[in-house]
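> Below you'll find the structure I mean.
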Amino acid sequence: MCSEHDRLADMKKYAVKVFEECVRSVSPRNIVRNALRFDSKKLYVDCSAYSVPGDVYVVGFGKAVLNMALEVEDVLNGRLGEAVVSVPFGTRWPAKPEHSRVCAMEAARNNVPDQQSVDNTDRIARTVSRLRSGDLLVVLISGGGSALLCSPTVPLGDKILATKLLSSAGASIEQLNAVRKALSRVKGGRLIGSVRPECPVVSLILSDVVGDPLTAIASGPTVPNGDPDHLPMNIVDGFGLRDQMPGTVVDALLRNTSFTGTAAQFDRVHNHVIGNNAIALRAGVQYAGRDFGAVLLTTSIRGDVAAVSTFYSDLVAYVCDVYADGAADAKRKERLKISSTSVVGGGVDVEHLTGSVVEASSRGRGLCILSGGEPTVVVRGSGLGGRNQELALRVAMDLATARRRHDSLCRFDVLFFSGGTDGIDGPTDACGAFGYPALVNAALSRGLDPSRYVHDNDSYGFYSALDLGRDGGGVGDLLKIGHTGTNVMDVHVLIVKPK
């Protein structure tokens, strides 16, 4: 019989395979190839067709747009006039055709806008301004685009500080982007104001925001900004940050006028979401379904990582009860519904989950539960980490506590993984980490107190110091894969197996 150590090692390897399958399914070239077709006269995007009497120009910004641009160039088969894309530092160049017209410019180290971001945006604006009547503009947008398309109306350092203050306070991506739009010459639909009115615009979007709201993805450069003028300042005041904000930012937000444009400006703009978290998770479920009872729980995980961790702990307790006994205690079921509602809009479908667990139990199979979304972290410490690593560590701590309280959990092997599909979690070189009950005891036996690391927001420091699982070529608890070239938020993989 395999030891718990060996079983855990196998589960880690399997979770990584599921995660890799999720990422592979939303590789930019695959996504564009499946969505785009060109017959020399018309460009087809899914079921829509756009006439192309002139040339096609491409601009893009985000973690996935280099490969998106190269695939668009292949599809256009010689009709590409020029492609200019702004991508993160460290983006891996694939094999590039000898005469490619794609120009990729790096910027935004650690996902923070910099002078290169501003320079790249100026280059994109010049490219857009060169379009002639009959030309078609294709705009490629993916996660990370807010930092890579940057033309601030206040000093760059002031805008960076404003964003950092909001992010550290736990602001959601929607709240961050509302403020970013108010401080930009290109976000919130303003990029379209630079395009000749007779030129059609087609945006191909890889979404990294829960629910795929067009105004929030990369701060909505190609859609009208429907935010009330007072919203950005209200967000700042809601976090009590007005006095900490640079004066230039406060002045700009108080004078804010959202750009809604004219009907003519936006009637010729066609936005297509061609890839998102749901596509990635469905691929993971299909892969895991060969070996487990596979469940796609939700694509809408959000909220503070502490609340998300509580939800996952309640979820594991519920699943173990149902698997072992065919039913769960009514109080535990209600607890799961309440904790899921706090991190998933509308909560999860507990009845569907119950049916999946009962079926897996009847077949003697374990459960592989996939979820996705983008939780947030309120930064109070001075450590290093990202939301995926902190969530995994918190889940490990909550599961260790739950196992001491509930005997049923001791009859199962449980493993949780949280990873960013872009391959980078916060300002670190890891994409995510694993959490499991034995992690806590292993850390304590080495003199490492997980709660201290969580308090200091130092999840990366914790996992780096512990460094379990690498013996014999195994998978460590900190997963490092580098830039993936795509970004559709985070993927959570939860495996529950009877011992």
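> Within region 193-215, restricting attention to residues that are aliphatic (A, V, I, L, M) and touching a Ser or Thr at 6+ places or on another chain (Cβ under 6 Å), which residue is surrounded by the most Cβ atoms within 10 Å (Cβ to Cβ)?
Keep residues of region 193-215 that are aliphatic (A, V, I, L, M), which gives 195, 201-202, 204-206, 209-210, 214.
Keeping just the survivors that are touching a Ser or Thr at 6+ places or on another chain (Cβ under 6 Å) gives 206, 210.
Values: 206: 29, 210: 23.
Per the criteria, the residue is 206.
> Taking residue 274 as the residue in question, decide whether it is open to solvent by 30 Å² or more (accessible area, probe 1.4 Å), closer than 22 Å to residue 66 by Cβ and touching a residue at least 24 places away in the same chain (Cβ under 8 Å).
no
> Out of all the residues in region 159-202, which are more than 17 Å from residue 237 (Cβ to Cβ), part of a loop (DSSP other than H, G, I, E, B) and out of contact with any strand residue (DSSP E or B) (no Cβ under 8 Å at 6 or more places or on another chain)?
Listed by number, the residues that qualify are 186, 187, 188, 189, 196, 197, 198.
> Does region 83-119 hold any residues that are over 23 Å from residue 482 (Cα atoms), surrounded by 13 or more Cβ atoms within 10 Å (Cβ to Cβ) and not β-branched (Val, Ile, Thr), and which are they?
Within region 83-119, 83, 100, 101, 119 qualify.
> When residues of region 174-189 are filtered for being at pLDDT below 95 and surrounded by fewer than 20 Cβ atoms within 10 Å (Cβ to Cβ), how many remain?
2
> Which one of 408, 382 is in a helix (DSSP H, G or I), of a type in the set (Ser, Thr, Tyr) and open to solvent by 10 Å² or more (accessible area, probe 1.4 Å)?
Result of the check over 408, 382: 408.
> Please count how many residues of region 217-266 are more than 18 Å from residue 171 (Cβ to Cβ), over 28 Å from the mean Cα position of the chain (by Cα) and surrounded by 15 or more Cβ atoms within 10 Å (Cβ to Cβ).
Of the residues in region 217-266, 3 are more than 18 Å from residue 171 (Cβ to Cβ), over 28 Å from the mean Cα position of the chain (by Cα) and surrounded by 15 or more Cβ atoms within 10 Å (Cβ to Cβ).
> Can you find a residue that is assigned to a helix (DSSP H, G or I), in contact (Cβ under 8 Å) with a residue 24 or more places away in the chain, more than 30 Å from residue 16 (Cα to Cα) and not aliphatic (A, V, I, L, M) anywhere in region 257-268?
Yes; the residues of region 257-268 include at least one that is assigned to a helix (DSSP H, G or I), in contact (Cβ under 8 Å) with a residue 24 or more places away in the chain, more than 30 Å from residue 16 (Cα to Cα) and not aliphatic (A, V, I, L, M).
> So in region 329-355, with the set limited to residues that are farther than 17 Å from residue 306 by Cα and under 27 Å from the mean Cα position of the chain (by Cα), which one is surrounded by the fewest Cβ atoms within 10 Å (Cβ to Cβ)?
Per the stated criteria, the residue is 346.
> Restricting attention to region 193-239, and to residues there that are touching a Lys or Arg at 6+ places or on another chain (Cβ under 9 Å) and among the aliphatic types (A, V, I, L, M), which single residue is farthest from residue 150 (Cα to Cα)?
Going through the qualifying residues, I end up with 210.
The values are calculated or read from the model by the stated rules, or taken from the named source; none is laboratory data. Values in this document were obtained by computation on a predicted structure and should not be read as measured data. Quick reminder, even Gly has a Cβ in these numbers, built from the backbone with ideal geometry, and neighbours come from all protein chains shown. Keep in mind that these areas ignore ligands, DNA and RNA; they rest on the heavy atoms of the full protein, side chains included. Shrake-Rupley method; radii C 1.70, N 1.55, O 1.52, S 1.80 Å.
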